[in-house]
Amino acid sequence: MNKQIESIPNPYRFSGQSIKENSDTAYNFHKTLPGYLPTPLLNLRYFAQEIGIGDCYIKDESQRLGLNAFKVLGASYAMAEEIKKYVPEGQSNLSFESIKSHKTSIKDLTFVTATDGNHGRAVAWCAEQYGCRAVVFMPKGSSEIRLKAILEHKAKAEITELNYDETVKYAESEAIKNNWVLLQDSSWPGYTEVPRNIMVGYKTMVQEFFEQTSDWPTHVIAQAGVGSFAASIFSSFISSTKQQPKFILLEPSGAACFFNSVKVGDKKPHLTPDLNTMMAGLSCGMPSILAWDIIVSIADFFTICEDNIAIKGMQILSQPTEGDPSIISGESGAVPIGFLHEVATNPLYSDLRDQLQLDVSSKVLFFSTEGDTDPELYKKYTS
């Protein structure tokens, strides 16, 4: 039987520096956004019993500000930080209302981004709310439904004939040519301030988790595209005096830029040029340098899985174990629970289960990062 999951221990753990940012400023800012509420934290107790672990916690980001994904946390905060540069001095602590009061100063300010959909919709929503402009470029193969969702927020948007990494370069060139502000959660030499702020914005998810439960995870599974989400989640736990969870990075086999880079063995990020996965939000070929530095320092395992594992995760959450809540989770959001189920129940992965120390005392946390952002794809695999 061919294995659908591979895993390697991190050979560089604790060999570098991690970024510890104070996330209170971002968290307090998010609380001023219209419609802000913490997303639900759910414990799939019966699923956990079924697969032989203690608890399975999931943060449901499909309910984030009506946008069906977590990305708005990074976009809203990073855009607010950029807007500070265009308003009168003395406005160092912007709230949503103070941004709105400067709409005349920022009405011609344009943010541009490259995205498969979720980040672009977040940027478009924020621009609409703040009173500025957004331009969104999407890689080839992007969902028309996701494009439509972006256009509904009055942004300019189009699907290109380029792959994700090429689309990022194109967005960067358009930003330079038109004097726009590039808003990417990836980073590279010379471009780190905006992605750093996006990562700080993502930390709100963990701030909410800390306030929603006194329980502490033994394992945190985070999916990765360019890695900014996973780096933000992992680094949010390391400043605690409590025992550090095991951090498991999870990527699609067809877009495994971290896994492939680690296997090179030179402790540097490398491009994975050929991408082939249904997990659109994770289909990225080059790790963010900021995320790379954090993740290679503190992750315990780099893991990859086939698309079938994501499909299984969608099905598990949509048709849960009796007694557990049903959760709408898209392919990029549901892959951790598919991975967890497969490792915990398939004898083929008994050695990996032992390596990860998954047992009846384990408390596993992951984040369903999106809902049915592509409703047709979701319906295809869950109906």
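The values are calculated or read from the model by the stated rules, or taken from the named source; none is laboratory data. Given the structure is predicted, the values throughout are model-derived calculations rather than measurements. Please note: Cβ atoms are built from the backbone with ideal geometry, for glycine as well, and neighbour counts cover all protein chains shown.
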Residue among E82, E97 that alone is at pLDDT 95 or above and outside any strand (DSSP E or B): E82
Matching residues, the stretch 223-264, being surrounded by fewer than 18 Cβ atoms within 10 Å (Cβ to Cβ), touching a residue at least 60 places away in the same chain (Cβ under 8 Å) and farther than 13 Å from T303 by Cβ: I238, S239
Count - residues of the stretch 110-138 that are touching a residue at least 40 places away in the same chain (Cβ under 8 Å), farther than 22 Å from L282 by Cα and out of contact with any helix residue (DSSP H, G or I) (no Cβ under 6 Å at 6 or more places or on another chain): 3
Residue among T110, T115 that is over 17 Å from the mean Cα position of the chain (by Cα), of a type in the set (S, T, N, Q) and either assigned by TED's automatic domain parsing to the domain that holds K84 or under 23 Å from S332 (Cβ atoms) (or both): T110
Hey, K71 closer than 23 Å to S214 by Cβ and within 16 Å of the chain's Cα centre (by Cα) or not: no
Residue, nearest to I8 (Cα to Cα), within the stretch 265-275, restricted to residues that are touching an Asp or Glu at 6+ places or on another chain (Cβ under 9 Å) and surrounded by fewer than 17 Cβ atoms within 10 Å (Cβ to Cβ): L271
Checking C56 against (1) more than 24 Å from W216 (Cβ to Cβ); (2) out of contact with any His (no Cβ under 9 Å at 6 or more places or on another chain); (3) buried (at least 24 other Cβ atoms within 10 Å of the Cβ), the condition it does not meet: (1)
Residue in the stretch 325-339 that is surrounded by fewer than 20 Cβ atoms within 10 Å (Cβ to Cβ) and not in a helix (DSSP H, G or I) present: yes
